[in-house]
């Protein structure tokens, strides 16, 4: 079973649109993979939800590219995407996976621990968050950023 472990996990920040999208995904995902759905719900429960225009550029959102280190010392860079866009060979991780759900809402220097299905506890620390052109373009269009 995939679970978030302990009180070491930080409060996360999420945009209203990401919160609504993930709520719908978690609800529909329950019939496919109840454990992941429950993990996403747990992350949603921990989230501090803000207006889309008030999110900091260094908070992981759907569409962000994230560099993180693991408790084994590995450094990885992935893009957080919707399930239909996931392609691990291209570094695109679905938000509806344990690692994707764990990343959402984190900022640089924040860490999160979780217990994977194999019973092992894992930890990762976000090092850097980068917004994709699509996110920045969407925010510009909404009047959040100057062109």
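Any read-out appearing in this document is the output of simple, stated calculations on the displayed coordinates, not a laboratory observation. Just so we're clear, the structure is a prediction, and the values are computed from it rather than from any experiment. A quick note on method: Cβ atoms are made from the backbone with ideal geometry, for glycine too, and the neighbour counts reach across all protein chains shown.
Quick rundown of the values:
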quantity: Residue 49 vs. criteria in contact with a helix residue (DSSP H, G or I) (Cβ under 8 Å, 6 or more places away or on another chain), free of Cβ contacts under 8 Å to residues at least 40 places away in the same chain and not in a helix (DSSP H, G or I); calculated: yes
quantity: Qualifying positions in region 77-106 - part of a strand (DSSP E or B) and touching a helix residue (DSSP H, G or I) at 6+ places or on another chain (Cβ under 9 Å); calculated: 78, 79, 80, 81, 92, 93, 94
quantity: Answer residue from region 100-109, given it is buried (at least 22 other Cβ atoms within 10 Å of the Cβ) and in contact with a strand residue (DSSP E or B) (Cβ under 8 Å, 6 or more places away or on another chain) and is nearest to residue 42 (Cα to Cα) among those; calculated: 102
quantity: Residue in region 25-38 that is out of contact with any helix residue (DSSP H, G or I) (no Cβ under 9 Å at 6 or more places or on another chain), surrounded by fewer than 12 Cβ atoms within 10 Å (Cβ to Cβ) and farther than 21 Å from residue 118 by Cα present; calculated: no
quantity: Number of the condition not met by residue 68 [criteria: (1) part of a loop (DSSP other than H, G, I, E, B); (2) touching a helix residue (DSSP H, G or I) at 6+ places or on another chain (Cβ under 9 Å)]; calculated: (1)
